[in-house]
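Read through the structure below, which is laid out as structure tokens, and then see the notes.
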Amino acid sequence: MAVNIEDKGKMVVEEGSYAVAHAAKICRPNVISAYPITPQTHIVEDLSQFIADGEIPNCEYINVESEFSAISALVGASAVGARTYSATTSQGLALMHEVLFNAAGMRLPIIMTVANRALGAPINIWNDHQDSISQRDTGWLQLYAEDLQESADMLPQIFKVAEDKDIRLPGMACMDGFILSHVYEPLVLLEQDLTDEFLPAYEPEHVLDPKNPMSFGAFAAPDTYEEFRYLQEQAMQKALPKIEAAAKEFGEIFGRFHGGLIDEYRTDDAEVILMSMGSILGTIKDVVDEYRARGEKVGVLKVRSFRPFPKEQIRKAIKDAAVVAVLDKNISIGTNEGALFTETKSCMYNARCDIPIIGYTIGHGGRDIRMETIAKIIEEAKGVATSGIKTESQFVDVREELL
Amino acid sequence: MKEIRIHGRGGQGSVTAAELLSAAAFADGKFSQAFPAFGVERRGAPVQAFTRISDIPIRLRSQIYTPDYVIVQDATLLETVDVASGIKDDGIIIINTKEASENLKLDTKAKVMTVDATRVAMEIIGRPIVNTVLLGAFAGATGEVEVESIKEAVKERFSGKVGVKNAEAIQEAYERIKRKIA
């Protein structure tokens, strides 16, 4: 359960962005660099305030003129052994694209909150997952939060995994812009003592040091480049159990568990399983509860880790379903499919099972996702279970009158 | 679960009111959620903010379409905004106006209640800021939150004299609407 009712005495009503900024502070970063962009702005404003008030000891906030500079500054800072943090979204994340590969290739455990937002044109400041999904091949860990509490709790977890000596990869903690960043809810602000117990100081293996000169990411010819790529992939695979372990240990210390790589909700005997990532899961769970109350076997599979992609866990979770519907807040234009849908189908292909899997791309540019829409998808999925796939993947709630 | 929609104009503190209402409800032992109509804040333009109040943790993330209660900060909005949109038949609409509710002729089965919150604000706070005052009226009209919790949330947000004056105005609006029910 993401919200632990026993925590009620410790909760305060706060904004999602504040909870995340507070969590970043509690993780004891040494260097923060970010450039404001809606809907991430409140996070960096709160962090600036913490710095101005002297609340983050041993930390430098580097003001920059763009997201490209923000992430570049952190590459340098991380290379000297600093714990580093940034936050961005949308066009800002896209501007970082080139440097994201550098951070991953140099094996620098930079952590960044992405307040997920659509990409222009046309300009749109609202939520979907196109920004971070479009960076899926950059070699960063990617976790997706379901609610405000998880958006904050995710930070120490992803720092711990990223900084692990077997991993050393950068990571994105993704939270839905506005839908989580700008909402006020009762939540627990991370405690310093518990976080210190959970997240030890970063101990880098190699650092930039004038006394012991060394180069990072300088050059690799064809005779060595492939091995760098291989080792990045190996690190991602090793991160799979580490993400599970970090979530479990966090649960033991803090009393909150949001899932490891995945989280299953009422899937035990489910005939229809809906799969998705992020804040849409809360709405889906409310609809699923209505179906369950009527005795219908519907469940939810939350995918929390998109990179690394938890193939084995997904296979196990959905193998006994009669039909699976995957809801994506992104699309790969030209495939008419969202990324989670494509990758779920891909990981099931050689799994010796033949479950129909259908895809929906939903919530583009902040289009509100109503309970009625989720119910419509469940009804269509039920039809697929009995009479097969008619439409493999489709947009949801398209306004035909505007076409 | 109860859903509340607040109508106002950018700069009138609709989002702050939604947050304070959620803080007060949480202080009462409920779970709550407050959020703006995302991304449309412009001074003077019609804006909306939302609060959900529930006995159990709230997971729903969609906007609010069928509110139980509506609060209208500025009666001039009635000319351009359908403030009764989607409200449940047994719901309550609370409007800041000196008009009596029967003169407003809203097309709704919901109960319409009015309070001259601007006057209360001018007399007690000395400024026409009505967002907190209307929360007092909301507590009186609906019983969904304790008026003391509203006052505490406001005093926590606005320290010193401002908070005290706001609390006084909240109490006044609470009593005025209570008298209308009685």
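A Cβ-based charge dipole, computed about the Cα centre of the protein assembly as shown with Lys and Arg at +1 and Asp and Glu at -1, lands at about 720 debye. Computed per residue of chain A from DSSP H runs no shorter than four, each worth -39500 (n - 2.57), the mean residue ellipticity at 222 nm is -12000 deg cm²/dmol. Karplus-based coupling profile of the stretch A:272-280, in residue order and whole Hz: 10, 10, 9, 10, 6, 9, x, 5, 4, with θ = phi - 60° in 6.51 cos²θ - 1.76 cosθ + 1.60 and x standing for Gly or Pro. This model, with +1 at the C-beta of Lys and Arg and -1 at the C-beta of Asp and Glu, gives the stretch B:31-182 a dipole about its Cα centre of some 320 debye. Setting aside same-chain residues fewer than 8 positions from A:K238, which aspartates and glutamates have a Cα under 12 Å from its Cα? Cross-link targets: A:D164, A:D166. Legend: mean number of C-beta atoms from other chains within 10 angstrom of residue C-beta atoms, peptide A:176-184, equals 5. Calculated from the alpha-carbon coordinates, chain B shows an Rg and a Dmax of 14.8, 42 Å respectively. Between A:G359 and A:V326, A:S393, A:Q394, the built amide H atoms are under 5 Å apart, and every one of these is 5 or more places off in sequence or on another chain. Note on chain A: with a GNM built from Cα contacts shorter than 10 Å, the maximum mean-square fluctuation among A:Q91, A:Q40, A:Q313 falls on A:Q313.
Working note: Cα atoms of the stretch A:290-372, range along each principal axis, descending, whole Å: 38, 36, 21. By the beta-carbon count within 10 Å of each Cβ, the least crowded to most crowded order of A:H206, A:H42, fewest first, is A:H206, A:H42. Remark: A:E233, A:E150, A:E400, A:E380 ranked as A:E400, A:E233, A:E380, A:E150, counting other beta-carbon atoms within 10 Å and listing the fewest first.
Both radii come from the Cα set of the stretch A:1-139: Rg as radius of gyration, Rh as Kirkwood radius; their ratio Rg/Rh reads 0.99.
Distances between placed amide hydrogens fall under 5 Å for A:E337 paired with A:S332, all partners being 5 or more residues away or on another chain. Applying the Kirkwood pairwise sum to the alpha-carbon positions of the stretch A:65-143 produces a hydrodynamic radius of 12.7 angstrom. By the beta-carbon count within 10 Å of each Cβ, the least crowded to most crowded order of A:V3, A:V298, B:V162, A:V207, fewest first, is A:V207, B:V162, A:V3, A:V298. Rg ratio for chain A: its Cα radius of gyration over 2.2 N^0.38 Å, N being its residue count, equals 0.97. The lysines within cross-link reach of A:K10, meaning a Cα-to-Cα straight distance under 16 Å and a gap of 8 or more places when in the same chain, are B:K30.
Karplus-based coupling profile of the stretch B:2-8, in residue order and whole Hz: 10, 10, 10, 10, 10, 9, x, with θ = phi - 60° in 6.51 cos²θ - 1.76 cosθ + 1.60 and x standing for Gly or Pro.
For the stretch A:206-269, a Kirkwood radius taken over Cα pairs fed into Stokes-Einstein (10 °C, viscosity 1.306 mPa s) yields D = 102 µm²/s.
Counting only Cα atoms, the stretch A:117-166 measures 42, 27, 11 Å along its principal axes, largest extent leading.
Candidate cross-link partners of A:K390 among the aspartates and glutamates, defined by an alpha-carbon separation under 18 Å and a same-chain spacing of 8 or more, comprise A:E337, A:D354, A:E379, A:E380. Over the C-alpha trace of the stretch A:246-396, radius of gyration and Dmax come out as 14.9, 48 angstrom. Couplings 3J(HN,Hα) of the stretch A:313-330, computed from phi: 5, 5, 3, 5, 6, 10, 4, 9, 6, 8, 7, 10, 10, 10, 10, 10, 8, 7 Hz, in residue order, whole Hz [Karplus 6.51 cos²θ - 1.76 cosθ + 1.60, θ = phi - 60°; x for Gly and Pro]. Of all DSSP beta bridges in the stretch B:1-89, what percent run antiparallel (nearest 5)? Antiparallel: roughly 75 percent of the beta bridges in the stretch B:1-89.
No value in this document is a laboratory result; all are computed from the given coordinates. All of these numbers come straight from a predicted model, not from anything done at the bench. Methodologically, a virtual Cβ is constructed for each residue, glycine included, from the backbone with ideal geometry; neighbour enumeration extends over all protein chains shown.
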